[in-house]
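The block underneath contains the structure these notes are about, expressed in structure tokens.
Each value in this text was obtained by applying a stated rule to the coordinates, not by laboratory testing. From a predicted model like this one, the values you see are computed outputs, not experimental measurements. Ideal geometry is used to build each Cβ from the backbone, glycine not excepted, and the neighbour counts take in all protein chains shown.
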Amino acid sequence: ADEWGGHLPGTSSDTENRAMNRFPDGKTYCWLGTWYDDFDGWNKKYVPKTGTIFPYVGRQTSVYKCPSDKVDGSTAFTDSNQMVRKPLYSYTAPMLLTGAPLELLTATYYANEFPRQAELNERRLFRAFSVRTEPWMIVEEDLTNNLVSSMDSAWCASDQISDRHGGAGAVAHTDGHVSITKYQRTPLPLTARQVFYQLRDQRVISAFPWQQDQVYFGYLRDRQRSSAVAGVP
């Protein structure tokens with residue numbers, strides 16, 4: 001962020017920083033390099049070597065996998081609808097953070113308890129907030145959830161956090177520390193829909209855009225031009 005005008009890296013869904021065709025300028029803006037891999041996430045030619053943070057982690061591919069994540073990229077798993085393979089990484093980043101100015105983020109909120117899908121709504125979740133932390137930056141995704149079917153670098157509304165650490169999962173925060181915490185899994189698992197960020201202007205915004213017709217990836221950066229930013233007063 002210090003070298004990029006205070007902005008965080010993009011994800012594979014960074015529509016602000018790239019054209020919509022596949023190789024617009026010979027570059028990738030995705031922190032993990034999965035955009036080059038057409039969202040597959042297991043081509044070693046691209047992931048994580050073409051990711052924007054690769055030079056900043058000593059060009060070491062091992063840091064992208066949790067040491068407890070022993071599944072290699074050739075093992076098949078059965079998701080709810082399809083056979084999938086474990087990608088070459090264990091972590092993703094909330095879509096809200098795509099290219100976001102780091103100085104805007106002051107806190108992350110989530111609830112310890114929230115209702116079934118039919119009862120979810122934005123304001124009810126806001127009232128249910130019970131945990132405040134330093135802003136989340138990277139989450140350890142659950143193997144059996146959407147990580148193994150979408151295989152990209154963004155944590156979204158169908159992704160949940162891993163429980164491989166004795167029922168708990170890891171989250172890395174923008175201040176540099178990592179927390180290992182148990183998150184709700186029933187009756188509905190914690191996903192990006194139930195996680196919110198507080199901004200420096202006091203707004204609280206979902207980690208995943210709530211728009212149905214058009215999704216704004218990286219919309220913290222683009223918020224001045226977008227009338228569709230979801231805010232909770």
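Structure above, values below:
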{"item": "Karplus-derived 3J(HN,Hα), 6.51/-1.76/1.60, for each residue of the stretch 42-58, Hz, glycine and proline x", "result": "9, 9, 5, 5, 10, 10, x, 5, 8, x, 5, 8, 4, x, 7, 10, x"}
{"item": "Pairwise label distance in nanometres, Thr133 with Asn112, each label 7 Å out on the Cα-Cβ vector", "result": "1.4"}
{"item": "Long-range amide H partners of Tyr91 with built H, under 5 Å", "result": "Glu141"}
{"item": "Which of Gly176, Leu147, Ala192, positive extreme of dipole for the stretch 135-207 (C-beta unit charges)", "result": "Ala192"}
{"item": "Neighbour net charge for Ile138 - beta-carbon separation under 13 angstrom, K R +1, D E -1", "result": "-4"}
{"item": "Potential lengthening between Glu103 and Val178 on full extension [0.36 nm per residue; Cα-Cα distance subtracted]", "result": "25.1 nm"}
{"item": "13 Å beta-carbon shell around Leu190, net charge (K/R +1, D/E -1)", "result": "-3"}
